[in-house]
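S.K.: Below you will find the structure I want to go over with you.
Bear in mind these aren't lab numbers, they're just calculated from the coordinates by the rules spelled out. From a predicted model like this one, the values you see are computed outputs, not experimental measurements. Every residue, glycine among them, receives a Cβ derived from its backbone with ideal geometry; neighbour counts consider all protein chains shown.
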Amino acid sequence: MTATTTDTNPLALDFCGLRFASPIVLLSGCVGFGEEYTRVVGFSNRDAGAVVLKGTTGMARLGNPPHRIYETPQGMLNAIGLQNPGARQVVEEILPTLDFGETRFIANVSGSTIEEYVEVTRLFDDSPIDAIEINISCPNVKEGGVAFGNYPEMSARVVEACRRVTSKPLITKLSPNQTDIQENARRCIEAGTDAFAVINTVMGMAIDAEQRRPVIGNVQGGLSGPAIKPIALLKVHQVHQVAQRHGVPIIGQGGIVSARDALEFIIAGAAAVGVGTALFYDPLVCRKINEGIRDYLGRHGFGSVAQLVGTLELPGAPAAAAGRAAG
Amino acid sequence: MTEAAAKDRPHRGTIFVEDAEVLDVEAWPAEQFIMRLVAPQCAAHARAGSFAHVTCDPALPMRRPLSLMRADPGSGVIEFLFKIVGDGLRLLAQRRPGETVSVMGPIGRPFTPTPGRRRPLLVGGGVGIPPMVFLAEALGPAARDGLVLMGSEVPFPFDPADSRLDVAHLPQGVVAAMPLMENLGVPSRLASLGGFPGCYPGYVTELGREWLRGLDAGALQEVEIFACGPTPMLKAAAALARDFGLPCQVSLEEYMACAVGGCAGCVVQVNTPAGPAMKRVCVDGPVFEAAAVDWGAMQH
Ligand SMILES: Cc1cc2nc3c(=O)[nH]c(=O)nc-3n(C[C@H](O)[C@H](O)[C@H](O)COP(=O)(O)O)c2cc1C
Ligand code: FES
């Protein structure tokens, strides 16, 4: 499946058969279960192509003890620990309150065992959710999460198992905390993933020197925000090299705060772009990013976002024809 | 959105993002600052206990939550009192009149005084003073039979004056008061271990205990405690309420990222009938029933 234009809105795209009105995807863990940011006057889920819900597990989870977040240079650490009410509650109580006319809603699935991933995926498969993202890259839980995502063999086993129980678009969220992300991507494609989310947070730590204690209750956390953008860009570029041959699109993410950032990810190979931490500073940032992308497409003569995907011109390589689609 | 859907979603469109012009920044000892800004929507909708999420400087990736000390719907002016802790507030204190900062607010569940409890005991410690000022001004004459107690280990961010309003059962010589409260006709007293004249030389909650001890059973029935300040003080306020069988609402603080309920970064552990739960300080609070908070699980 590939990301292509479907209508006259230059920002719109087809992502694994879903129509996104904008390449912006609001990222898991930053926008609760879809309604939280609508508290803000001027914010609308319609400004995003899709909204990814908070990581959801089989059983309800209380999450980690405080402090769970901390500002760091050009970024922040978080160790929420997948606080969520459990998949059944999400499907039965929360999904019915969402307005699926506003945007596409994507579930974010996590678990401590492969069985749990499968159970949660199955519950979402039998729900109105538009797509399912498998989070094998959460750095903040003791079992599961990166324990799967850091090993291509384990990643593939999770993807394969989830693939068997859903026909909805399956997005695999890759960790930057691993040796060979390309090998991992290859294995996940073989196992049946339809798309990738690249990257999840980078593991980090903060210390309170006065008290000689870690700031974060969980000791370590995941780093997000502009601080990780160069890491994320490289990983998107690397995964794109593998995924484009199979027409597997990428949601590029990690530190995007402006249209310029978003464009860099698209050029590196992202069909859509994730916005998370940037909302915390500017809850109305989506409109600005959409405007900036629209302006860039116009100035550079691109009819759609899809035409810009993966147009990075590498030194020594023949200039890529402008206007070719991703994949 | 249809009208029916709007009714289902009363939370929508309740928090405003405004480019707020700084009117003035008043410096007090010990790196305390009072900042006044123009944010008409925030001013119009704020309640006692509400806070705002503020950009301190474009160089920082995060906003900072600040309790509202005052909000005047007429003039659109809001007021913060903050003490410099960390880089964010240090940069905020450097903002000059005429500059703008982005104010996102008002946010949070406010204080909700219980009808019939006509003797509110307001306890504010250090950076917890602002919501107590907001509440006292909102209650106005309704707080005249209550008492406002402020505690600080550094000089107060106002000039204390000897009280003209008598309060029974307080220790001899505890006469220092907050002039603002005097003007409202609401009795107030100050506590500090800093040796300031007229202040109670102990914890503010102990001064509260002295006052409660002097009340008869009938009067005690009419007391409700409201508190905001450092965690040890809030714990002591919760214990005081328990000892006297009083309702107590506390305003809590935690690091925040989104401040709209989206990240679950700001939680506190509370006890519910269904067992322990993690509640978000930004939207489930910042005001909580003291009896429900799991003080043992609290970070200092
Ligand atoms: C507070 C917070 C909570 C997060 N929770 C999740 C989660 O539950 N599942 C997940 O896959 N990613 C989670 N993430 C990672 C984000 O979805 C995103 O991949 C990452 O933050 C990088 O993007 P950004 O720099 O734009 O925030 C979380 C990030 C933050 C900051
Ligand atoms: S700060 Fe994000 S939920 Fe409270």
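S.K.: Calculate the dipole size of the protein assembly as shown relative to its Cα centre from +1 charges on Lys and Arg beta carbons and -1 charges on Asp and Glu beta carbons; express the result in debye to the nearest 20.
M.R.: My answer is approximately 620 debye.
S.K.: Okay, next question. Would you calculate the convex hull of the Cα atoms in the stretch B:110-186 and tell me its volume per residue in Å³?
M.R.: Spelled out: Cα convex hull of the stretch B:110-186, divided by residues, is 96 Å³.
S.K.: So how strong a dipole does chain B carry about its Cα centre when Lys and Arg Cβ are +1 and Asp and Glu Cβ are -1, to the nearest 20 debye?
M.R.: 520
S.K.: Compute the helix-to-body angle for A:114-125: its Cα long axis versus the longest principal axis of chain A, expressed 0 to 90° and rounded to tens.
M.R.: Value to nearest ten degrees: 60.
S.K.: Taking a point 7 angstrom from the Cα of B:Ala292 along the C-beta vector, which residues in the stretch B:106-134 have backbone N less than 13 Å away?
M.R.: Taking a point 7 Å out along Cα→Cβ of B:Ala292, the residues of the stretch B:106-134 whose backbone N falls under 13 Å are B:109-112.
S.K.: Taking each residue in B:12-22, count the Cβ atoms of any other chain within 10 Å of its Cβ, then average. What number comes out?
M.R.: What the average comes to for B:12-22 is 3.
S.K.: Where a ≥ b ≥ c are the square roots of the eigenvalues of the C-alpha gyration tensor, would you call the stretch B:138-258 rounded, which needs a/c under 1.5, or, failing that, prolate if a/b is larger than b/c, or oblate?
M.R.: Rounded shape, in that the Cα axes give a/c under 1.5.
S.K.: Same structure, new question: Please label the shape of the stretch A:3-326 as rounded, prolate or oblate, based on the square roots a ≥ b ≥ c of the eigenvalues of the alpha-carbon gyration tensor (a/c under 1.5 means rounded; beyond that, a/b larger than b/c means prolate, else oblate).
M.R.: Rounded.
S.K.: With r as the distance between the Cβ atoms of A:Glu92 and B:Asp57 and R0 = 45 Å, compute the FRET efficiency 1/(1 + (r/R0)^6) and round to 0.05.
M.R.: My answer for the efficiency is 0.55.
S.K.: Using only Cα atoms, find the angle between the long axis of helix A:229-243 and the longest principal axis of chain A, and express it within 0 to 90 degrees, rounded to the nearest 10.
M.R.: Helix A:229-243 sits roughly 70 degrees off the main axis of chain A.
S.K.: Something else now. Quick check on my link table: of A:Lys54/B:Lys279; A:Lys229/A:Lys288; A:Lys288/B:Lys83; A:Lys168/A:Lys288, which ones sit more than 26 Å apart, alpha carbon to alpha carbon?
M.R.: In this structure, A:Lys288/B:Lys83; A:Lys168/A:Lys288 lie more than 26 Å apart at Cα.
S.K.: Helix B:204-214 sits at what angle to the longest principal axis of chain B, using alpha carbons and giving 0 to 90 degrees rounded to 10?
M.R.: Once rounded, one gets 50 degrees.
S.K.: Contact order normalised by length for the stretch B:1-150, with contacts defined as Cα pairs under 8 Å and 6 or more residues apart; what percent is it?
M.R.: 27
S.K.: Then there is this: In the Gaussian network model of chain B, springs joining C-alpha atoms below 10 Å, which of B:Gly208, B:Gly262, B:Gly185 carries the largest mean-square fluctuation?
M.R.: Sorting by GNM fluctuation, first place goes to B:Gly262.
S.K.: Something else about it: Take the alpha-carbon centre of the stretch B:38-60, take the same for the stretch B:111-150, and report the distance between them in whole Å.
M.R.: So the two Cα centres are separated by 21 Å.
S.K.: Can you give the helix-only mean residue ellipticity at 222 nm for the protein assembly as shown, where every DSSP H stretch with n ≥ 4 adds -39500 (n - 2.57) and the sum goes over all residues, rounded to the nearest 500 deg cm²/dmol?
M.R.: It lands at -7000 deg cm²/dmol.
S.K.: With springs only between Cα atoms under 10 Å apart, run a GNM on chain B and tell me which of B:Gly229, B:Gly194, B:Gly86 wobbles the most.
M.R.: The residue that fluctuates most here is B:Gly86.
S.K.: I've got another one for you. For a test of the definition: using alpha carbon positions, the gyration tensor, and the 1.5 limit on a/c, classify the stretch B:3-107 as rounded, prolate or oblate.
M.R.: prolate
S.K.: Let me ask another. Taking the dipole about the Cα centre of the stretch A:3-326, with the C-beta of Lys and Arg at +1 and of Asp and Glu at -1, give me whichever of A:Ile266, A:Ser28, A:Asn45 is farthest to the positive side.
M.R.: A:Ile266
S.K.: Here is a further query. What are the radius of gyration and Dmax of chain B, computed over its Cα atoms and given in Å?
M.R.: 19.0, 63
S.K.: In whole percent, what relative contact order does the stretch A:3-326 give with Cα contacts below 8 Å and a gap of six or more residues?
M.R.: Worked out over the stretch A:3-326, it gives 18 percent.
S.K.: Given the C-alpha centroids of the stretch B:267-299 and the stretch A:10-87, what is the distance between them in whole angstrom?
M.R.: Answer, in whole Å: 23.
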